[in-house]
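**Q** Before I ask anything, let me first share the structure, which is written out below as structure tokens.
The values are calculated or read from the model by the stated rules, or taken from the named source; none is laboratory data. The structure displayed is predicted, hence computed values, not measured ones. No Cβ is skipped: glycine too gets one built from the backbone with ideal geometry, and neighbour counts run over all protein chains shown. Remember, those area values only see protein heavy atoms, side chains included, never the ligands or the DNA or RNA. Shrake-Rupley method; radii C 1.70, N 1.55, O 1.52, S 1.80 Å.
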Amino acid sequence: AREYERRGGAIVSFGKPSPKAFEAGLALLAGDGIAKERVCHVGDSLHHDIAGANASGVISLWVAATGIHADELGLGEGAAAVDEAAVERAV
């Protein structure tokens, strides 16, 4: 995509954390009568899932223990306890 853009092409992003991705999902849910206030986005990426949902005004739930940040937080396989300092650095 970067090379295409470098050559003059227009890039349109449509994925997390873009608000457009969340808005599209919300529009589909609204069509089924589900209000934005009843939606909770669940994800393991602070950048893609949580930041994207928050930027779109959607409630989010961060899956830390088994997600992509688990090792960084000291929650990986065999971890005995949460490393509070690692959590603070990640947030």
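**Q** Based on the mean of other Cβ atoms within 10 Å per residue, sort peptides 18-26, 34-42 so the most packed one is first.
**A** Listed from highest to lowest mean packing, they are 18-26, 34-42.
**Q** Give the peptides 48-61, 2-15 in descending order of average Cβ contacts within 10 Å, highest first.
**A** 48-61, 2-15
**Q** Take the solvent-accessible surface of the protein heavy atoms, probe 1.4 Å, and return the percent of it on the chain that carbon and sulfur atoms account for.
**A** 55 percent
**Q** Give the long-range amide H neighbours of VAL42: residues separated by 5 or more places, or on another chain, with amide H under 5 Å away, using H modelled in the peptide plane at 1.01 Å from N.
**A** LEU61
**Q** Let me ask something else about it. Taking a probe of 1.4 Å, how large is the accessible area per residue of the chain, in Å²?
**A** Numbers: 6420 Å² over 91 residues.
Per-residue accessible area for the chain comes out at 71 Å².
**Q** Using alpha carbon coordinates only, what is the Rg to Rh ratio of the stretch 37-76, with Rh defined as the Kirkwood radius?
**A** Radius of gyration relative to Kirkwood radius: 1.04.
**Q** Now, a different point. If you stretched the chain out fully between ALA70 and ALA10, how much longer would it get, using 0.36 nm times the residue separation minus the C-alpha to C-alpha distance?
**A** Answer, rounded to one decimal: 18.0 nm.
**Q** With +1 on each Lys and Arg Cβ and -1 on each Asp and Glu Cβ, how big is the dipole of the chain about its Cα centre, in debye rounded to the nearest 20?
**A** Working: 8 positive and 13 negative charges, 119 e Å.
For the chain, the charge dipole is close to 560 debye.
**Q** Let me ask you something else. Largest first and in whole Å, give the semi-axes of the chain's equivalent ellipsoid, each being the square root of 5 times a Cα gyration tensor eigenvalue.
**A** Over the Cα atoms of the chain, the ellipsoid semi-axes are 29, 22, 9 Å.
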